[in-house]
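The numbers here are math on the coordinates, done by the rules we state, and not lab data. Quick caveat, the model's predicted, so the values are computed rather than measured. Note that we place each Cβ from the backbone using ideal geometry, even for glycine, and neighbour counts take in every protein chain shown.
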Amino acid sequence: MAISDHLAYSQGRKDQIPNKLLAQEITSTGDSERLIELIQFIESKPHRRLQMDAALTVAYVGDLLPKMLIPHVDFLIEKLKDPIDRVAWGSMIALSHVSPLVIDQMYERLPEILDAMDMGSIVGRDHGYQVLVNLYKEDRYVSDMIFILLEQIRKAPSNQLGQYTERLMKVIRDEDRPELVTALEERRLELTNEYHLKRLTKNLKKLY
């Protein structure tokens, strides 16, 4: 059966179950040739919906067995610029899963990741932010990444600020805590939504 026949759209489905099942099949057997077939299928630019399904299946592979995506990181980064939104953010989801295994490569391609975050969807920004957090965990990149992460905190939409803060709080180093507090205090002055303000205040109390 062709790889495309396993995808949701080919089966007349609107949910993600067939795509998840295909990812489980690939990862349970470690079938790298099947994964390559899936990636080549995306590159062949078939039907738009099938491209979306294929990209999301690659993301599910990354969630289940991220090491399988290591040879395909450059491909995923290139796909961040894909005009099909779900292909672009599906690639960013995949990168968020594999990034801890290819930290140096992520750092080298950081400008492209940041550009994709600025230009992309909320889903793309959220998973791109996780790539930044993963880079921050590495001693050799911490000084660069805290600056970038604080910029993300300062410009995050108010409905994303809470989760961005909490993800960074899990790994924040003591020496960087005061700068995070300063950035959050700046944001507190501009928030008008009561829930967002309450969440920010709660996080600040934990940081002080």
Tell me the mean residue ellipticity at 222 nm calculated for the chain from its helices only (DSSP H runs of n ≥ 4, each -39500 (n - 2.57), averaged over every residue, nearest 500).
-21500 deg cm²/dmol
In a GNM of the chain with a 10 Å cut-off on Cα contacts, which of Gly162, Gly62, Gly30 has the highest mean-square fluctuation?
Gly30
Between region 92-159 and region 46-86, what is the C-alpha centre distance in whole Å?
17 Å
Quick check on region 138-208: take the gyration tensor over C-alpha atoms, sort the square-rooted eigenvalues as a ≥ b ≥ c, and tell me if it's rounded (a/c under 1.5), prolate or oblate.
prolate
Between exposed trypsin sites (Lys or Arg not before Pro) in the chain, where DSSP calls loop and at most 15 other Cβ atoms lie within 10 Å, what's the longest gap?
15-136
Lys137 versus Asp74, label points 7 Å from Cα toward the beta carbon: distance in nm?
2.6 nm
To the nearest 0.05, what FRET efficiency results for Glu108 and Asp63 with a Förster distance of 25 Å applied to their C-beta separation?
0.60
Here the alpha-carbon Rg of the chain over 2.2 N^0.38 Å rounds to 1.12
Run the numbers on region 1-151 and let me know its relative contact order in percent, using alpha-carbon pairs under 8 Å that are six or more apart.
17 percent
Taking the Cα centre of the chain as origin, sum charge times position over the Cβ atoms of Lys and Arg (+1) and Asp and Glu (-1), and report the length of that vector in debye to the nearest 20.
840 debye
Region 86-208: relative contact order from alpha carbon pairs under 8 Å, six or more residues apart, as a whole percent, is 21 percent
